[in-house]
1. Take the alpha carbon gyration tensor of the stretch 78-177, find the square roots of its eigenvalues, order them as a ≥ b ≥ c, and report rounded if a/c is under 1.5; if not, report prolate when a/b exceeds b/c, else oblate.
2. Among Asp77, Asp110, Asp51, which one moves the most in a GNM of the chain with springs linking Cα atoms closer than 10 Å?
3. For a test of understanding, tell me how many lysine pairs in the stretch 28-145 have Cα atoms under 22 Å apart, given they are 8 or more places apart or on different chains.
4. Using a Gaussian network model on the chain with a 10 Å cutoff between Cα atoms, which of Glu70, Glu25, Glu156 fluctuates the most?
5. Report the Stokes-Einstein translational diffusion coefficient (µm² s⁻¹, integer) for the stretch 74-137, Rh taken as the Kirkwood radius over Cα pairs, at 4 °C with viscosity 1.567 mPa s.
6. Hey, could you pull the Cα Rg and Dmax for the chain, both in Å?
7. In debye to the nearest 20, how big a dipole does the chain give about its Cα centre with +1 on each Lys and Arg Cβ and -1 on each Asp and Glu Cβ?
8. Roughly speaking, to the nearest percent, how much of the chain's 1.4 Å accessible area is carbon and sulfur?
Amino acid sequence: RAAESNESAAALTQIYVSLGFELKEQVARLQKENKQAELKVVLKTFHEFLDRIAAREQGNTFNSLAWVGETFFSLGDGLGDDQPPSAEAKQYFARAAKTCEQILARAKTDPSFAPQPSSLLSVRLRLARCERRLGNYTAARNQIATLLGEQPNSLEGQVEAAYVYQAWGVDDPESYS
């Protein structure tokens with residue numbers, strides 16, 4: 001029965017992810033058409049929808065949670081490159097970071113959760129990007145240090161490290177003295 005329950009939960013999660021792709025397309029269309037009132041309603045609904053997927057006790061896979069995290073990040077990023085980001089964008093970055101932390105915690109307790117150990121590097125990179133956008137530079141640097149410790153030649157990791165230090169220097173020039 002437990003196997004059937006897990007299979008049913010996984011199937012339901014896949015349905016949610018499919019619906020999420022449709023919602024994401026609707027968000028992109030509304031942004032393109034500059035329909036701000038409709039966009040606000042859809043974004044609120046989409047946020048709640050993603051939260052429901054992430055909060056599911058059963059049925060989430062590495063890929064479904066990675067998709068939730070990436071989607072939250074994309075929503076925050078889509079609201080502009082403002083530094084500091086708007087309050088609304090910060091909510092999305094914070095939610096993306098929380099989802100990344102959820103993935104890393106689950107992989108720590110269940111090493112088979114991640115398809116392969118290197119899959120966690122992309123999660124760490126996304127988490128570092130979230131922390132940078134939130135102004136949590138020490139946390140971002142720590143994620144990059146872990147990532148580069150495991151894969152020193154990661155160009156994406158090195159580039160993100162540069163972005164972290166650049167943003168940190170702009171926000172707190174005294175941090176380099």
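1. Verdict is oblate for the stretch 78-177.
2. Top of the fluctuation ranking is Asp110.
3. Value for the stretch 28-145: 10.
4. Greatest mean-square fluctuation among the candidates belongs to Glu25.
5. 106
6. So, for the chain, Rg and Dmax equal 17.4, 61 Å respectively.
7. About 260 debye.
8. 52
The values are calculated or read from the model by the stated rules, or taken from the named source; none is laboratory data. Predicted model only: the values in this text are computed from it and were never measured. Note that each Cβ is placed from the backbone with ideal geometry, even for glycine, and that neighbours are counted across all protein chains shown. Side chains are part of the model used for accessible areas, which takes the heavy atoms of the whole protein and leaves out ligands, DNA and RNA. Shrake-Rupley method; radii C 1.70, N 1.55, O 1.52, S 1.80 Å.
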